[in-house]
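Scroll down for the structure; my scribbles are underneath it.
The values are calculated or read from the model by the stated rules, or taken from the named source; none is laboratory data. These numbers come from a predicted model, not from an experiment. Here Cβ is always computed from backbone atoms with ideal geometry, including for glycine, and neighbour counts include all displayed protein chains. Surface areas here come from the heavy atoms of the whole protein model, side chains and all, with no ligands, DNA or RNA. Shrake-Rupley method; radii C 1.70, N 1.55, O 1.52, S 1.80 Å.
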Amino acid sequence: MFLPVLAGCTRHSKDEHYYLIATNINLPYWKAANAGFQKAAVQYGVSAEMRGTTTFDPPGEVTEFRTVVARKPAGILVSVASAELMGPEITAALAAGIPVITMDSDAPTSGRLYFIGTNNLQAGRLGGQRVAAKLNGKGNVAFFSIPGQPNIDERLKGYKDALSHYPGIKIADVFDMKGDSGLAMDQTRDYLSRTGANRVDAIVCLEAASGRDVAEAFRRANVKDRLLVAMDTDQTVLQGVKDGTIDSTISQKPFTMALVGLKALDDIHHYPLKPLAQDYSLDSFAPVPAFIDTGVSLIDKNNVDRMLNIGEDKTP
């Protein structure tokens with residue numbers, strides 16, 4: 001009578017290895033994601049490891065991905081820095097029988113099983129509505145971006161969609177900061193020095209790395225009459241919202257993405273999809289979803305204290 005219980009307890013094994021792959025993995029965002037990944041691993045009794053580059057390095061991420069594929073893991077969760085580079089690698093991994101799910105940043109044409117993360121178009125629209133409201137529908141806006149990274153491109157599109165309803169708002173620049181917050185900080189000084197018709201009234205950080213350093217540039221210039229909207233909930237960014245340097249930031253859930261991602265990979269490992277390498281996106285009877293939306297919210301002075309308290313309680 002105890003055999004079914006024992007079988008259930010031994011379903012998982014430390015020999016099952018799952019990997020999370022990303023770039024810029026030293027950022028607080030990815031430390032939070034890894035905390036979620038490890039929590040799921042502990043719950044399930046499996047092995048989990050985050051690998052990746054410490055800078056924004058799409059070719060380096062491909063190298064890491066190939067290294068992991070060669071180990072024939074139980075599953076891979078990957079944030080795609082370049083869909084062009086990573087897409088074929090995901091396709092090859094699936095053909096080799098390795099389940100791959102994307103999180104945070106997608107590669108929809110790669111054949112990945114599905115995407116877990118933010119609706120980045122919605123995130124951009126949310127930020128765009130905030131910018132339009134704070135500028136009263138008039139002003140010049142500059143963006144810090146990493147063109148070619150799918151999630152960031154989607155956010156920019158969302159901002160453009162929202163701002164298109166306000167003819168008095170112009171996009172002054174979309175600056176490629178190449179994942180280097182120092183470049184963003186230097187460029188901020190240029191934006192803040194512009195006057196007259198070229199004045200930049202609002203700066204938007206579309207990714208996690210630049211908000212902290214752009215805010216520091218605001219502080220050093222003692223800027224009080226420009227708008228800064230950041231991305232994600234680094235504690236330094238939240239403190240910037242609290243002290244008023246940053247107007248607001250868009251919050252995602254990397255911890256949740258990674259936790260749900262490992263559990264999803266584990267399920268596929270134990271209950272394999274047949275076939276694995278198949279496009280399920282148009283299949284009305286697909287055994288997997290196309291997209292799991294983990295949610296997005298805007299953090300400003302009204303709710304930043306709550307976020308800071310959560311951060312203190314949940315620090316990885």
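Taken over the range 66-147, the alpha-carbon convex hull comes to 101 cubic angstrom per residue.
Converting phi to 3J(HN,Hα) with the Karplus coefficients 6.51, -1.76 and 1.60 and the offset θ = phi - 60°, the range 259-264 yields 4, 5, x, 5, 5, 5 Hz in sequence order, with x at every glycine or proline. Axis of helix 181-193 versus longest Cα principal axis of the chain: the two differ by about 20°, to the nearest ten degrees. Between the amide H of Met50 and those of Leu20, distances stay under 5 Å, these residues lying 5 or more places away or on another chain, with hydrogens modeled in the peptide plane. Leu163 contributes about 10 Å² of solvent-accessible surface, heavy atoms of the protein only, 1.4 Å probe. A simple rule links phi to the HN-Hα coupling: the Karplus curve 6.51 cos²θ - 1.76 cosθ + 1.60 with θ = phi - 60°, which for the range 211-221 gives x, 4, 6, 5, 4, 5, 5, 4, 4, 5, 8 Hz, with x for Gly and Pro.
Share of pairwise Cα-Cα distances greater than 33 Å in the chain is 29 percent (whole percent). Under 5 Å from the amide H of Asn140 lie the amide H atoms of Lys170, Asp201, Ala202, each residue being 5 or more positions distant or on a separate chain, with H modelled from the backbone and absent for Pro and chain starts. Quantify, in whole percent, the carbon and sulfur part of the accessible surface of the chain (1.4 Å probe; protein heavy atoms only). After summing per-atom areas, the C and S share lands at 52 percent. Relative to the longest principal axis of the chain, what angle (0 to 90°, nearest 10) does the C-alpha long axis of helix 58-70 take? Long axis of 58-70 versus the principal axis of the chain: about 10 degrees. Whole-Hz Karplus values for the range 199-205 come out as 4, 9, 8, 9, 10, 10, 9 Hz, taken residue by residue from phi with 6.51 cos²θ - 1.76 cosθ + 1.60 and θ = phi - 60°; glycine and proline positions read x. Per residue, the accessible area of the chain comes to 46 Å² when a 1.4 Å probe rolls over the protein heavy atoms. Simple point charges give the picture: +1 on the Cβ of Lys and Arg, -1 on the Cβ of Asp and Glu, and for the range 134-199 a dipole about the Cα centre of about 360 debye. With both residues required to sit in the chain, DSSP beta bridges show an antiparallel share near 10%. Taking amide H as placed 1.01 Å from N in the peptide plane, Ala221 has no amide H partner under 5 Å among residues 5 or more places away or on another chain. With a cut-off of 12 Å between beta carbons, the residues surrounding Leu121 carry a summed charge of -1, where Lys and Arg count +1 and Asp and Glu -1.
Helix 150-163 and the longest principal axis of the Cα set of the chain meet at an angle near 40°.
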